[in-house]
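The values are calculated or read from the model by the stated rules, or taken from the named source; none is laboratory data. No experiment lies behind these values; they were computed from the predicted model shown. Calculation scope for accessible area: heavy atoms of the full protein, side chains included, ligands and nucleic acids excluded. Shrake-Rupley method; radii C 1.70, N 1.55, O 1.52, S 1.80 Å.
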Amino acid sequence: MPAHENDGNQTKRIVLPSGKTIEVVYFDHAAVEPEIHAAAVPAQAPADADRDLHLCINCGSHLAYPVRWEEAGPKSWNVTLRCPECEWTEADIFSQDQCDRFDDELEAGTDALTRDYRRMVTANMSEEIDRFAAALHVDAILPIDF
């Protein structure tokens, strides 16, 4: 993994197990620092701090989800939201409390999807077993089928 200096930036060439080679560029911190300070100044939190982020403000759907998120300050997040029903998107700064509530809602949704998925798999497997047993009962399955 050779490293090269280029315009104050360090470049490292890495060979992946697949044989592909990638270059990782480490930028000079002194050149980037002014941008970091400008971006690190948190914007004001939205006026509606009680807003539930999983609710689409355009169509009212309960399916809004995060597309991108990053820290905006010590207790705020810059989050891009998207609604799959109306294709609405929004990027804004939200408080840690709002994001914690949103995270709880996302976890509850994940749990509900997982429960529904397991029920569907069980129902499908039950139907397949019933069809297989019925086929065995009427001698519709022969050794050549295997």
Heavy-atom accessible area with a 1.4 angstrom probe orders Ile93, Ile57, most exposed first, as Ile57, Ile93
Whole number in Å², please: accessible area per residue of region 105-146, 1.4 Å probe, ligands, DNA and RNA not counted.
92 Å²
Could you rank Val25, Val15 by how accessible they are, 1.4 Å probe, largest area first?
Val15, Val25
Rounded to the nearest 10 Å², the 1.4 Å probe accessible area of Glu70 is 90 Å²
